[in-house]
Amino acid sequence: MIIVKYVFLLLLFVLIFLVIRSVLHIVIRQRKARFRLHYVKMSAFGHRFSEYLGNRSRLFKHVKEMMESVELGMSMQTMLTLSLILFLVGLLAGAFFFQSVKGVLVLTFICMSLPYMLLRLKLVSIRLQTRLEFLPAVEVFYQYYMVDPHKNIKMALKYCLEENRILYPIKPVFEQLYRNLMTQRDTEESLRIFSLTMGHTWGDYFIGILRVALTEGSYVGDSFKELIVDMRKAQRFDQLERNRLLEIRIANFTPILFLALFLFINFKVNADNAYLYYMVDPVGRNMLLDALLLIFVSFLMGIYLSMRRM
C-alpha cells in the first residue's frame, strides 16, 4: 500500500512537472513573438522609464546625447544596468577589502562613475582625431553648397558624402548629422549632438551658420567663407592646442603606471611583507585607497582640462 502511494505521488509529480514545463514553453514562445512587435517594445517598462527620465532629467538626456555622439553600440537601459552592477560591485568590494566607510564610499563612487568617465574619454579621443580634419571638411562642404543652385544645406551635405569628398575620421560625424536631419528629427537636437561631438569653438560657429540656414532658409555662403578664412589663420594655433591635449592625455595615465611600478618593486623585493602591509594591514590598505582616489581625481582633472582646451 505504501509503495502504491509513493508511485502515485511520483506519477503526480511527473505529471505536474510536464504540465508546468509545457505551460512555460508556450508562455515563453508567445512572449518572444509579442516582443518582436514594435508597440510591445515601446510599452516595455524599461523604455517607459527611460523616456520618463529623458523628459525630466537633464543628466540623463546629456548622457544619452553623448552616447549617440560617440555612436556607442549600447542602449541607455544597458548603460543604467551596467552602472547599477558596478555600484553593487564597488559596494561589496569596498566592504570586503577595505572594511571602512571611507573605502565603501570611495570604491562605490569610482565604480559607479566608471562608465561615464570612459564615455568622456572616448568623446575626447574622437575630438582629437577629428580636430585637424574639420577645416578640410568645411571647405569641401562649402564648395558643394556654392555649386548647388538652390543653396540647400541637406543636398550639399548629401552630395559631398556620396562622392566621398569628406574623409575618415570626420566622415562618420557628418554622416550622423545628415541622418539626423533627413529622418525628420528635431533640428536643434541634431545640431546639438554634432556640436557635442566636435567640442570646439569652430564647430559651434559652424553649427550656428547651419542653424540659420535650416531654420530661416537664408543664404549663408558669405558666413561660411568668413569662417574658413578665420580657421585658416588659426590653423597653427589649433595644432599647438592638439599637442597640449595629447600631453594631457599622456599625463592622465602616468599615475597608474607609477603605482603599478611601485607595487611591482615592493612585491618583487619581499612578497610576504608586501602582502602583509598592502593586503592585511589597515594602514597599507588605506594608502592604496588614497592612491586610487588620487588617480581617479587626476583622470577627472585631465578630462576637465581636455574639455576646456577644446
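The values are calculated or read from the model by the stated rules, or taken from the named source; none is laboratory data. Owing to the predicted nature of the structure, the values given are computational and were not obtained by experimental measurement. Here the Cβ positions follow ideal geometry from the backbone for every residue, glycine too, while neighbour counts run over all protein chains shown. Only protein heavy atoms, including side chains, enter the accessible area calculation; ligands, DNA and RNA are left aside. Shrake-Rupley method; radii C 1.70, N 1.55, O 1.52, S 1.80 Å.
Within the range 262-280, residues that are surrounded by fewer than 11 Cβ atoms within 10 Å (Cβ to Cβ) have Cβ atoms under 9 Å from residues that are not hydroxyl-bearing (Ser, Thr, Tyr) in these pairs: Lys268/Ala274, counting only partners at least 6 apart in sequence or on another chain. Kindly indicate the residue of the range 97-112 that is crowded, with 17+ Cβ neighbours inside 10 Å and touching a residue at least 60 places away in the same chain (Cβ under 8 Å) and also nearest to Leu196 (Cα to Cα) among those meeting that condition. For the range 97-112, the residue satisfying everything is Ile110. Only one of (1) β-branched (Val, Ile, Thr); (2) without any contact (Cβ under 8 Å) to a residue 12 or more places away in the chain; (3) buried (at least 16 other Cβ atoms within 10 Å of the Cβ) fails for Val147. Which number is that? Unmet condition: (3).
I'm trying to understand the selection: among the residues of the range 118-168, which are part of a helix (DSSP H, G or I), of a type in the set (Ser, Thr, Tyr) and more than 30 Å from Leu86 (Cα to Cα)?
Taking the range 118-168 as the starting set, the residues that turn out to be part of a helix (DSSP H, G or I) are 118-131, 134-147, 153-162.
Next, only the ones that are of a type in the set (Ser, Thr, Tyr) stay: 125, 130, 142, 144-145, 159.
Once the filter is applied, which keeps residues that are part of a helix (DSSP H, G or I), of a type in the set (Ser, Thr, Tyr) and more than 30 Å from Leu86 (Cα to Cα), the range 118-168 yields Thr130, Tyr142, Tyr144, Tyr145, Tyr159.
Tell me which residues, restricted to the range 198-221, are under 19 Å from Glu139 (Cβ atoms) and of a type outside the set (A, V, I, L, M). Spell out the reasoning first.
As a first pass, look at the range 198-221 and keep what is under 19 Å from Glu139 (Cβ atoms): 198, 200-210, 213, 219-221.
Result: His200, Thr201, Trp202, Gly203, Asp204, Tyr205, Phe206, Gly208, Tyr219, Gly221.
Of the residues making up the range 55-70, not a single one is of a type in the set (Gly, Ala, Ser), at pLDDT below 80 and part of a helix (DSSP H, G or I).
Residues in the range 76-133 that are of a type in the set (A, V, I, L, M) and either in contact with a Lys or Arg (Cβ under 6 Å, 6 or more places away or on another chain) or on the phi > 0 side of the Ramachandran plot (or both): Met76 alone.
Within the range 187-238, can you find the residues that are charged (D, E, K, R) and under 19 Å from Val70 (Cα atoms)?
Within the range 187-238, the first condition is being charged (D, E, K, R), and the residues that meet it are 188-189, 192, 204, 211, 216, 222, 225-226, 230, 232-233, 236, 238.
Result: Glu188, Glu189, Arg192, Asp204.
One residue alone among Gln184, Gln176 is open to solvent by 30 Å² or more (accessible area, probe 1.4 Å) and not aromatic (Phe, Trp, Tyr), and that residue is Gln184. The residues of the range 152-171 that are loosely packed, with under 15 Cβ neighbours inside 10 Å and within 15 Å of Thr130 (Cα to Cα), listed by number, are Leu167, Tyr168, Pro169.
State yes or no: is Ile193 in contact (Cβ under 8 Å) with a residue 24 or more places away in the chain and either surrounded by 14 or more Cβ atoms within 10 Å (Cβ to Cβ) or closer than 20 Å to Tyr159 by Cα (or both)? Break it down stepwise before answering.
Values: in contact (Cβ under 8 Å) with a residue 24 or more places away in the chain: yes; either surrounded by 14 or more Cβ atoms within 10 Å (Cβ to Cβ) or closer than 20 Å to Tyr159 by Cα (or both): yes.
So Ile193 fits the description; yes.
Does Leu132 fit the bill of being open to solvent by 20 Å² or more (accessible area, probe 1.4 Å), over 30 Å from Val283 (Cβ atoms), of a type in the set (A, V, I, L, M, F, W, C) and touching a helix residue (DSSP H, G or I) at 6+ places or on another chain (Cβ under 9 Å)? Before you say what the answer is, go through the steps one by one.
Numbers: open to solvent by 20 Å² or more (accessible area, probe 1.4 Å): yes; over 30 Å from Val283 (Cβ atoms): yes; of a type in the set (A, V, I, L, M, F, W, C): yes; touching a helix residue (DSSP H, G or I) at 6+ places or on another chain (Cβ under 9 Å): yes.
Criteria met by Leu132.
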